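Since the structure comes first, as structure tokens, the remarks are kept for the end.
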Amino acid sequence: TPKNIIKEFFSEIPNKGNYDYKTINNYLDQIATDLSLDEDEGGQYTDVQSAKITLTMETTGCTFEEALQAERGGKTQPISQYVSGGTLKLENFDGKTTGGLKLIEGDLDRPANYKFQDPNNPKPFKELKDLLPSSGDVGFGFTFPGQNKFYTNGKLKDNIKLVAEEVIKMCGSVHVSQANNVMMMMSQSGLMENLRTGISHINVLSNEHSCVDFTLSKDELTGAVTIKYSSPEALPFKFEWSATIDINGSISTTPMTAEMK
């Protein structure tokens, strides 16, 4: 139920009331107020941005302490175990793979890019697209077991169907929830917050469509599919994390690491 979902993810909210959006928003507003106070007004967290803390909590369901740790930085981001959880879609329960296919069709057909800011230069973020090859082979890269690497981006949209075909082949036709969630975890639902949170700490800004390489493998004993996320070689920074999707569709992730080369 919505009440139990909110109780699980917003464990610090007082255990009373109906847990409606007003209650949640009031709670987050109070955190923002506490964070925005100057030291002489009793503020304890003047080194972080209140908006980022509350947004991280609101979008990931993490605790205040975890959001604070993520905002303060570090190569390993514990927050990624929440951020990578993907977005729950009703389509994932229709007995078909239309839900997952819809997500990747809408997300993997566009050009990708990053923005970078030199920590020693206060000028605005600089586009990195000029550093990427113009051959069309940088965007979202996919490596499936026994297959050569292929890409999707603004010029290679037809490969999206190949992604879906390979995912369904790996998961098997009876494991619909797994296939849906594997595709979901390669869409912006499984990528966006992780990239934005993780690489922002190395002064790189990710928009909704940022280059990522996916390497997929399958545990033949359990049937679980693991997605390894990594940065394309053309980028001047690197990142890595992974997500494992079991045959029932459940998802577990590893923390993300990110650093400049």
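Could you rank I247, I227 by how accessible they are, 1.4 Å probe, largest area first? Show your work: numbers first, answer last.
On the way: I247 70, I227 0 Å².
Descending accessible area places them as I247, I227.
Non-local amide H neighbours of F237 (under 5 Å, H modeled in plane, Pro and chain starts lacking H): which ones?
Result for F237 returns K261.
With a Förster radius of 22 Å, plug the Cβ-Cβ distance of T257 and L221 into 1/(1 + (r/R0)^6) and report the FRET value to the nearest 0.05. Spell out each step's value before the answer.
Values: r = 28 Å, r/R0 = 1.25.
Efficiency for this residue pair is about 0.20.
Treat the stretch 208-261 as a sphere of radius equal to its Kirkwood radius over Cα pairs and apply Stokes-Einstein at 20 °C in a medium of 1.002 mPa s; give the translational diffusion coefficient in µm²/s, rounded to a whole number.
The Stokes-Einstein estimate is 175 µm²/s.
All other residues with a Cβ under 14 Å from the Cβ of V174 taken together, and with Lys, Arg as +1 and Asp, Glu as -1, what is their net charge?
+1
Under unit Cβ charges (Lys, Arg +1; Asp, Glu -1), what dipole magnitude, rounded to 20 debye, does the stretch 162-260 have relative to its Cα centre? Present the calculation step by step, with values, prior to reporting the outcome.
Working: 5 positive and 11 negative charges, 18 e Å.
The calculated dipole for the stretch 162-260 is roughly 80 debye.
The values are calculated or read from the model by the stated rules, or taken from the named source; none is laboratory data. It should be emphasised that the depicted structure is a prediction, and the values quoted were computed from it without experimental measurement. Positions of Cβ are generated from backbone atoms using ideal geometry, with glycine treated the same way; all protein chains shown enter the neighbour counts. Each accessible area value is taken on the protein alone, full model and side chains, heavy atoms only, with ligands, DNA and RNA left out. Shrake-Rupley method; radii C 1.70, N 1.55, O 1.52, S 1.80 Å.
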